[in-house]
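Sharing a structure here in structure tokens format.
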Amino acid sequence: MSLNNFISPPKFAEYKERFKDFYKMERRPDGVILVQAHTKGGPIQLSVENHRSVGQMFKAVGADPENEILIFTGSGDEFMMDADPEGFKIEADDLDYWAYEYAYKDGRINVSSLVNDLEIPTIGVINGPGFHTEMCLMCDITICSEDTIIYDLHYDIGSVPGDGIHSCFQELLGVKRAAYALLTGQAIDAKTALEYGMVNEVLPRAQLLDRAYKIADHIITQPRTTRRMTTQIVRRPWRRQITDSLDGGFAMQMFAHLAKNAPAHGRKHIGDVVAYVRKGKRNNFD
């Protein structure tokens, strides 16, 4: 007998409770786990705190061997269209510290954990308009609602789009389309996202979770090892993107924030751009 015992893996009941302020979780007996991101029960509102929670959650889910497939989505009729009113005060109060902790470390861990710490198939479900949709777009399979709008607003709020969204857009859109989307704040609707190959299916919002579970039902028909090793094959392009561009992109974003002595995000600037998109504009220079 070994001189040491295995360290106990995370227990679902424990991390479900631990993350309840950020994610609603439920798991079927076959190991298909649904994680719905939320803020106070509604659509996600970006903050330093929930930004940090993303990688922590992915690591916990990935470390639990009882999880077999992850379905990841938001809550309500939007994915993420706003910022917590006080969500970046902590960053503004100590920019030197949080430029690294928030704008560099946490963000890198979030994207890397999605690709590297989850050795199970992932299904991203974009439940409506929003930014930071890379968390769903970089899942193995992605479906979205008919009213989904995908866009990146970093450049339009004076920030460098280097926190993983650039890797995501360049991989899915190619060089020219990615450059256009990142520099102009292009609003990509669900139909265009399907045409561009950003998502696999577009459905009415009410059908999204049923469809995600049906896809999971198909994936889980094969043996556990087959599922997990196939996942390693389909993740290779994302791993190349992370190796080639992620760290450098984050470093450039962090440097830009420090150089202008301004936080990474702010409710006022995000609100201005979101209001523009809500009016049906496709580009912020229209």
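Residue by residue, here is whether (1) in a helix (DSSP H, G or I); (2) surrounded by fewer than 17 Cβ atoms within 10 Å (Cβ to Cβ); (3) at pLDDT 95 or above holds:
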| site | (1), (2), (3) |
| --- | --- |
| 156 | yes, no, no |
| 163 | no, no, no |
| 176 | yes, yes, yes |
| 180 | yes, yes, yes |
| 183 | yes, yes, no |
| 207 | yes, yes, yes |
| 213 | yes, yes, yes |
| 240 | yes, yes, no |
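When residues of segment 15-69 are filtered for being of a type outside the set (D, E, K, R), modelled with pLDDT of 95 or more and out of contact with any strand residue (DSSP E or B) (no Cβ under 9 Å at 6 or more places or on another chain), how many remain?
Residues meeting the conditions: 7.
So which pairs qualify, if the first residue must be in segment 63-78 and closer than 20 Å to residue 41 by Cα, the second must be among the small types (Gly, Ala, Ser) and in a loop (DSSP other than H, G, I, E, B), the Cβ gap must be under 8 Å, and the two must be at least 6 apart or on different chains?
74/128; 75/41; 76/128; 77/128; 78/128
Now a separate question. Determine, yes or no, whether residue 273 is at pLDDT below 80, within 23 Å of residue 143 (Cα to Cα) and part of a helix (DSSP H, G or I).
Details: at pLDDT below 80: yes; within 23 Å of residue 143 (Cα to Cα): no; part of a helix (DSSP H, G or I): yes.
Here the answer is no, as residue 273 does not meet what is asked.
Are there any pairs with C-beta distances below 8 angstrom linking a residue in segment 20-35 that is on the phi > 0 side of the Ramachandran plot to a residue that is assigned to a strand (DSSP E or B), with the two at least 6 apart or on different chains, and if so which?
Short answer, once both residue conditions are applied: 31/69.
Same structure again: Six or more apart or on different chains, Cβ under 7 Å: which pairs go from a residue in segment 198-217 that's in contact (Cβ under 8 Å) with a residue 24 or more places away in the chain and within 26 Å of residue 181 (Cβ to Cβ) to one that's polar (S, T, N, Q) and outside any strand (DSSP E or B)? Could you list them?
Pairs that qualify, where the first residue is in contact (Cβ under 8 Å) with a residue 24 or more places away in the chain and within 26 Å of residue 181 (Cβ to Cβ) and the partner is polar (S, T, N, Q) and outside any strand (DSSP E or B), are 205/127; 208/127.
List every residue pair whose Cβ atoms sit under 9 Å apart, with the two residues 6 or more apart in sequence or on different chains, where the first one lies in segment 39-52 and is in contact (Cβ under 8 Å) with a residue 24 or more places away in the chain and farther than 17 Å from residue 25 by Cβ and the second, anywhere, is small (Gly, Ala, Ser) and assigned to a helix (DSSP H, G or I).
51/107
The values are calculated or read from the model by the stated rules, or taken from the named source; none is laboratory data. Bear in mind that the values here come from a model prediction, so they are computed numbers and not experimental data. Please note: Cβ atoms are built from the backbone with ideal geometry, for glycine as well, and neighbour counts cover all protein chains shown.
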